Amino acid sequence: MSEFREQVSRHATYSSVKSWRERHGRYRLVGSRCAQCEALYFPRRPSCAKCEGRKMEPYQCAHTGTVVVGWPQVSLVRLMGYADLPQRHVCIVRLDDGLHIETEVVDVTKDKVRPGLRVGLVFRKLRRESNGNEQYGYKFAPLQDSEQAQADAAE
Amino acid sequence: MERRVSIIGTGITKHVAYDVDRSWKEMLAEAVFEALDDCGLKPTELQGGVVAYHGEAMLDTGNIGPLIADTVGMEPAGVTGISVACAGGAVALYHGYALVASGLCDAVLVAGFEKGSELYEYVETIGNSSESDYDYNFGLTHLDWLGLITLRYQQKYEMPDWESVVNWIEDRHWFARRHPKSFYYGQAMPSRRDLQRNMMHWAAARADGAAAVILTTEALAKRLRKPAVYLDGLGFSCASAYLPHRFHHAWQNPEADIADSELTRTAADRAYRMAGLKDVGEINLLEISDGSPGVTFVELEALGLYPRGGAWKGVLEGAHGLTGRYPTNTHGGSIAFGHASGAAALVSVIEAVAQMRGEAGERQISGPVTTSLCQASGGSNSNNTVMVLRRE
């Protein structure tokens, strides 16, 4: 954990444009789909690793998925801007369209974070950037029964 | 025609938590001068260099090539600085090999170092050596990768407990206490209970340190004082640095999983073919990345020593200690020798050279060590190298 619990200006302070440029990916899980072979990707990318196609379209990934593996983050190495959060659970989630992402699962107790847990996207504040602006993005939370039913119906 | 390349000189600094008295240049110079003295060459005889570090932000200094050429007295030779996460030292060796093999240079410096203690925001600075817009910016760290890989391995292969992991750590600490330059040298051996309970033992011991080797041609190596060790096989593979991609490129390989190291398999295949290594059982010594024990198990399998999910059983049976079937990381590995990012993979190679020359003291493997295998991985298993070393 950094000695600076509040974000301070550091040797590398980036423009918020860098975050803004990724807003679709960070807010709505928009990745890429190859126009040629329909391979799916997250995060977005400029070419297809499967067919070498260079025409990629925006693709909104599934907003629900299943935990493949998760662990409680070691608090000693929290990054700046994340030090004051309660226990964080870092997971790899397999989205319902087959893509995998690494994400924090929130609103959950340690005993619930296990392979097979059904989760859905929630929008949360991430942290303050080193330039002082707030940064937002996706996290995942366990699906409530109603959401679970909705997700099942959509499939 | 490609020339055979030999490692003829090696040097390492004592790895410590914080080298307060010295700058990174002084630390690196110690390793380089030790390597030059080891082979009897002068700095001005070096015709090129490749040096790995974690990146400009780590030092508050970029453009390190000219600084190094000047510091060690090898100017006007061209030196290239590279940043390849924890595999940096091995990747520097890969490129240094190319300089000699191609005929561009006859004698080359390959080095790596890290001085992370100087930086308050150390974890921030290593944290973004990945798909940082989608992991570092979300507060996800390297330790998360190591933890997720280890847990996934344990769950997928139904490891009944953590005893194999503790075995791995205990062996590495035993070796490190027999290497005067290791992080833990001179300290009491931790108890089995300490190793089981203190999670700080489950990951690499971050350290300040530097390592250097000198490469040259077979013809020059044979004129020098120590037995030549040859780099006979090399493989280097890269893929996405976003950890979940170890899964979702599954359309390429249905077996793809973070509990496997597909890139190491690719690099190993190339290195084995290049070296004409027919059977991995021919090796006498193994040096591999052990940022965490779970990652180690994955690499052991990818190198072909075990089927998928089988490594933990071999570790549990003692196959990787001094008298085991495959003595491994006999310097103590990143877990106990200490882990200086740019240097770590080179420290492994230097240990292999020491064993092949019979200079490893209390750590020396019984019997001749004629073939060694060195593997390194860095940055969420996104840069992987495999090298086969031989002694005649």
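Looking only at segment A:90-130, count how many residues are more than 25 Å from A:SER32 (Cβ to Cβ), modelled with pLDDT of 95 or more and not in a loop (DSSP other than H, G, I, E, B).
Number satisfying all stated conditions: 1.
All but one of (1) in a loop (DSSP other than H, G, I, E, B); (2) touching a residue at least 60 places away in the same chain (Cβ under 8 Å) hold for B:GLU255; which doesn't?
(2)
If you scan segment B:88-108, which residues turn out to be under 26 Å from B:HIS54 (Cβ atoms) and either over 20 Å from the mean Cα position of the chain (by Cα) or not in a helix (DSSP H, G or I) (or both)? Quick ask: steps written out before the conclusion?
Keep residues of segment B:88-108 that are under 26 Å from B:HIS54 (Cβ atoms), which gives B:88-100, B:105, B:108.
B:LEU99, B:VAL100, B:CYS105, B:VAL108 - these are the residues of segment B:88-108 that are under 26 Å from B:HIS54 (Cβ atoms) and either over 20 Å from the mean Cα position of the chain (by Cα) or not in a helix (DSSP H, G or I) (or both).
Quick one: in segment A:92-137, of everything that is buried (at least 16 other Cβ atoms within 10 Å of the Cβ) and polar (S, T, N, Q), which residue is farthest from A:GLN73 (Cα to Cα)?
Only one residue fits best here, namely A:SER130.
Considering only residues of segment A:127-146 that are under 17 Å from the mean Cα position of the chain (by Cα) and without any contact (Cβ under 8 Å) to a residue 60 or more places away in the chain, which is farthest from the other protein chains (Cβ to nearest Cβ)?
In this case the residue turns out to be A:PRO142.
Are any residues in segment B:128-139 within 15 Å of B:ASN381 (Cβ to Cβ) and at the interface with chain A (Cβ under 7 Å from one of its Cβ atoms), and if so, which ones? Give the steps one after another, and end with the answer.
If we filter segment B:128-139 for residues that are within 15 Å of B:ASN381 (Cβ to Cβ), which is where we start, we get B:129-131, B:135.
Across segment B:128-139, the qualifying residues are B:GLU131, B:ASP135.
Just need a number here: residues in segment A:102-126 that are within 11 Å of another protein chain (Cβ to nearest Cβ), among the aliphatic types (A, V, I, L, M) and more than 24 Å from A:SER19 (Cβ to Cβ). Explain how you work it out, then say what you get.
So in segment A:102-126, the residues within 11 Å of another protein chain (Cβ to nearest Cβ) come out as A:102-104, A:113-116, A:124, A:126.
With the extra rule that they be among the aliphatic types (A, V, I, L, M), the set shrinks to A:113, A:126.
Applying the additional criterion that residues be more than 24 Å from A:SER19 (Cβ to Cβ) yields A:113.
Qualifying residue count for the region: 1.
I'm trying to understand the selection: among the residues of segment A:33-54, which are within 17 Å of B:ALA239 (Cβ to Cβ) and more than 12 Å from chain B (Cβ to nearest Cβ)?
Within segment A:33-54, A:PRO46, A:SER47, A:GLU52 qualify.
Show me the helices (runs of 4 or more DSSP H) entirely contained within segment B:117-220 in which 3 or more residues are in contact (Cβ under 8 Å) with a residue 60 or more places away in the chain. Working first, answer last.
Values: elements: B:122-127, B:142-156, B:163-176, B:192-197.
Those helices (runs of 4 or more DSSP H) span B:122-127, B:142-156, B:163-176.
With surrounded by fewer than 21 Cβ atoms within 10 Å (Cβ to Cβ), within 18 Å of A:LEU95 (Cα to Cα) and among the polar types (S, T, N, Q) as the only criterion, which of A:GLN60, A:GLN36 stands out? Explain how you work it out, then say what you get.
Details: A:GLN36 fails: within 18 Å of A:LEU95 (Cα to Cα).
The unique qualifying residue is A:GLN60.
Would you confirm whether or not segment B:120-127 contains a residue that is more than 14 Å from chain A (Cβ to nearest Cβ), of a type in the set (A, V, I, L, M), within 22 Å of B:ASN381 (Cα to Cα) and crowded, with 21+ Cβ neighbours inside 10 Å?
Within segment B:120-127, the subset more than 14 Å from chain A (Cβ to nearest Cβ) is none.
The answer is no; no qualifying residue exists.
In contact with a Ser or Thr (Cβ under 6 Å, 6 or more places away or on another chain), closer than 29 Å to B:THR80 by Cα and assigned to a helix (DSSP H, G or I): is that true of B:ALA354 in this structure?
On the way: in contact with a Ser or Thr (Cβ under 6 Å, 6 or more places away or on another chain): no; closer than 29 Å to B:THR80 by Cα: yes; assigned to a helix (DSSP H, G or I): yes.
Here the answer is no, as B:ALA354 does not meet what is asked.
Given segment B:5-86, what strands (runs of 3 or more DSSP E) lie entirely inside it while holding 2 or more residues that are touching a Gly at 6+ places or on another chain (Cβ under 7 Å) and surrounded by fewer than 23 Cβ atoms within 10 Å (Cβ to Cβ)? It would help to see each step written out before you state the result.
Working: elements: B:5-12, B:48-52, B:78-82.
Correct list: B:78-82.
Is it the case, given these coordinates, that B:SER289 is touching a Ser or Thr at 6+ places or on another chain (Cβ under 6 Å) and either small (Gly, Ala, Ser) or closer than 23 Å to B:LYS115 by Cα (or both)?
Values: touching a Ser or Thr at 6+ places or on another chain (Cβ under 6 Å): yes; either small (Gly, Ala, Ser) or closer than 23 Å to B:LYS115 by Cα (or both): yes.
Judged against the criteria, B:SER289 is a match.
How about segment B:326-347: which of its residues are among the aromatic types (Phe, Trp, Tyr) and more than 20 Å from B:LYS313 (Cα to Cα)? Explain how you work it out, then say what you get.
Step one: of segment B:326-347, the residues among the aromatic types (Phe, Trp, Tyr) are B:326, B:337.
Passing the criteria: only B:PHE337.
The values are calculated or read from the model by the stated rules, or taken from the named source; none is laboratory data. Quick caveat, the model's predicted, so the values are computed rather than measured. When we count neighbours, we look across all protein chains shown, and the Cβ atoms used for this are built from the backbone with ideal geometry, even at glycine.
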